[in-house]
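The structure appears below as structure tokens.
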Amino acid sequence: MRTQVVIVGGGPSGLLLGQLLHRKGIETIILERKTRDYVLGRIRAGILETGLVDMMREAGVSDRMDKECFIHHGTCISYENEMFDINFQELIGQNVIVYGQTEVTRDLYDARDACGGRTLFEVEDVEIRDAETDSPHVTFTIDGSAKRIDCDFVAGCDGFHGVSRKTIPDTVRKDYEKVFPFGWLGVLSETPPVHDELVYANSARGFALCSMRNEHLSRYYVQCDLDDDVFEWSDDRFWDELKRRLPESVADKLVTGPSIEKSIAPLRSFVCEPMRWGRLFLCGDAAHIVPPTGAKGLNTAASDVHYLFKGLVQYYQDNDTNGIDRYSERALARIWKAERFSWATTNMLHRFPDQSEFDLKMQRAEIESLHYNETAQKWFAQNYVGLPY
Ligand code: APR
Ligand code: PHB
């Protein structure tokens, strides 16, 4: 087989790139290891930066998002019984969109079907070959038979556990990593959201987050130990613990119910440099991971897609390699800022096992300066809504 761009990975970054390139007449084939239902079954976050929303529009995949999303003008932060609002609209004239990543991925799959885009599911043994030459190709097996696709470029959108990053030789690649000493226990419940904005809570018992998907579907998280077992957390224990970490004014409003999904996720920061090797370009989780505290996971994948899409269009339309040559540098510059925001908010809002009384006072002072200092709030707002591309 032959195509212009092979996209390894049918998650949000691979699909968004595929849709944007399709609208510019650039052909792609997406190779996905799992089934579509498996990919859509994964529960992920749902805060969309302006940049991602604009790209969904440019990709022609925004109708349902515009109909069903929430527009949030701000977010709330609480510490013990205090709570304050960071109003993005007032501070910097911008908002975020609340629309589940699963819905984003579903809309992108529907759009790919509608335009006849080729997606091969349940592929195995994917190998990216000759990426350091001008004629790379990808081999894989499907239904037990070996296949090969010749192409101009390979987009590695196959997540943290994919093959793309590992294709870059260790001699060329440098990985940066920080693993946090706790996880997030998340629950999805068919209950009305407890508040009209997200509530990020710092408490003596640890972090908690109140988020949502729609008027009837809420998403809550509590900080937990990494070696906790999800089966040790009954729904009652979860709701009780959540209430104890929220200000009374919020806890009293909390509507509880049976969890329809419950899982524990570790918290890690990870960046791989460079994000390009010859004709192979890494996007999204394949190159970087952020702790979810700053809601940057999907949005950093989107900014990668923005830079790669622009670079590939420049190459195919103007035979100009400037965009693809500067892809890694541009993508990483924005990634490191998102990594810092996610690291800083994680440090400000969680309880660390080795935190001294002095550390706790520093954390408290940081939250109070965010509470009462407009400049600090502006910095938070600019980073939360998304730094310009
Ligand atoms: N061959 C083909 N597909 C693969 C392979 C492989 N060897 N390895 C992984 N994949 C597929 C996975 O099954 C998954 O569907 O690549 C896809 C990668 O998707 P994501 O992990 O969602 O990564 P990405 O598209 O970059 O989206 C980043 O996902 O994890 C969240 O917080 C993260 O929001 C961020 C977003
Ligand atoms: C979510 O809605 O799942 C969510 C929102 C904000 C975050 C993390 C997760 O920072």
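All of the numbers you see were taken from the coordinates with simple rules; none came from a lab. Computed from a prediction, not measured in an experiment: that's the story for all the values here. Ideal geometry is used to build each Cβ from the backbone, glycine not excepted, and the neighbour counts take in all protein chains shown.
With charges set only on the Cβ (+1 for Lys and Arg, -1 for Asp and Glu), what does the dipole of the stretch 305-367 come to about its Cα centre, in debye to the nearest 20? Don't skip to the end; give the middle numbers.
Details: 9 positive and 9 negative charges, 39 e Å.
My answer is approximately 180 debye.
Please name which of Ser203, Met1, Gln377 has its Cα lying farthest along the dipole of the chain towards the positive end, using unit charges on Cβ (Lys, Arg +1; Asp, Glu -1) and the Cα centre as origin.
Among Ser203, Met1, Gln377, the one farthest towards the positive end of the dipole of the chain is Met1.
Among rounded, prolate and oblate, which fits the chain when a ≥ b ≥ c are the square roots of the eigenvalues of its C-alpha gyration tensor, a/c under 1.5 means rounded, and a/b larger than b/c means prolate? Mind showing how you got there, number by number?
Values: a/c = 1.81, a/b = 1.72, b/c = 1.06.
Because a/c hits 1.5 or more and a/b exceeds b/c, the chain counts as prolate.
Identify all aspartates and glutamates with a Cα-Cα distance to Lys166 below 18 Å; exclude those on the same chain that are fewer than 8 residues away in sequence.
Here the aspartates and glutamates satisfying the reach criterion relative to Lys166 are Glu32, Glu124, Asp125, Glu127, Asp130, Glu132, Asp158, Asp175, Glu177, Glu273, Asp285.
So how strong a dipole does the chain carry about its Cα centre when Lys and Arg Cβ are +1 and Asp and Glu Cβ are -1, to the nearest 20 debye? It would help to have the intermediate numbers written out before the result.
Values: 45 positive and 61 negative charges, 147 e Å.
The dipole magnitude comes to about 700 debye.
In terms of Cα to Cα distance under 28 Å, which lysines are near enough to Lys361, apart from those fewer than 8 places away along the same chain?
Correct list for Lys361: Lys178, Lys243, Lys296, Lys337, Lys378.
Compute the separation of the alpha-carbon centres of the stretch 169-190 and the stretch 3-72 and state it in Å as a whole number.
22 Å
Would you mind putting 147-157, 365-375 in packing order, based on average other-beta-carbon counts within 10 Å, highest first?
Details: 147-157: 22.4, 365-375: 13.3.
Descending mean neighbour count gives 147-157, 365-375.
Among DSSP beta bridges lying fully in the chain, give the percent that are antiparallel, nearest 5.
Here the share of antiparallel DSSP bridges comes out near 75 percent.
Using a ≥ b ≥ c from the Cα gyration tensor of the stretch 195-261 (square roots of the eigenvalues), is it rounded, prolate or oblate, where a/c under 1.5 gives rounded and otherwise the larger of a/b and b/c decides, a/b for prolate?
Numbers: a/c = 1.66, a/b = 1.20, b/c = 1.38.
Taking the square roots of the gyration eigenvalues as a ≥ b ≥ c, the stretch 195-261 is oblate.
With unit charges on the beta carbon (Lys/Arg positive, Asp/Glu negative), name the residue among His137, Gly100, Gly74 whose Cα is farthest towards the positive pole of the charge dipole of the stretch 66-200.
Selected residue: His137.
For the stretch 133-220, what is the charge dipole size about the Cα centre, in debye to the nearest 20, if Lys and Arg each add +1 at the Cβ and Asp and Glu each add -1 at the Cβ?
That gives the stretch 133-220 a dipole magnitude of about 360 debye.
Within 10 Å, count the other beta carbons around each residue, average over each peptide in 246-253, 319-326, and list them highest first. Numbers along the way, then the final one.
Values: 246-253: 15.1, 319-326: 13.6.
Per-residue Cβ counts within 10 Å, averaged per peptide and sorted highest first, yield 246-253, 319-326.
Whole angstrom only: what separates the Cα centroid of the stretch 253-297 from the Cα centroid of the stretch 337-389?
One Cα centre to the other: 19 Å.
Once you have a ≥ b ≥ c as the square roots of the Cα gyration tensor eigenvalues for the stretch 323-381, tell me rounded if a/c is under 1.5, and otherwise prolate or oblate according to whether a/b is larger than b/c. Before the final figure, lay out the partial values.
Details: a/c = 4.96, a/b = 1.90, b/c = 2.61.
Because a/c hits 1.5 or more and a/b fails to exceed b/c, the stretch 323-381 counts as oblate.
If each of Lys174 and Ser135 carries a label point 7 Å out from its Cα toward its Cβ, how far apart are those two points in nm?
About 3.5 nm separates the two model spin labels.
Cut-off is 10 Å between beta-carbons; in what order do Met275, Met83 appear when sorted fewest neighbours first?
Numbers: Met275 29, Met83 18.
Least to most surrounded, the residues fall as Met83, Met275.
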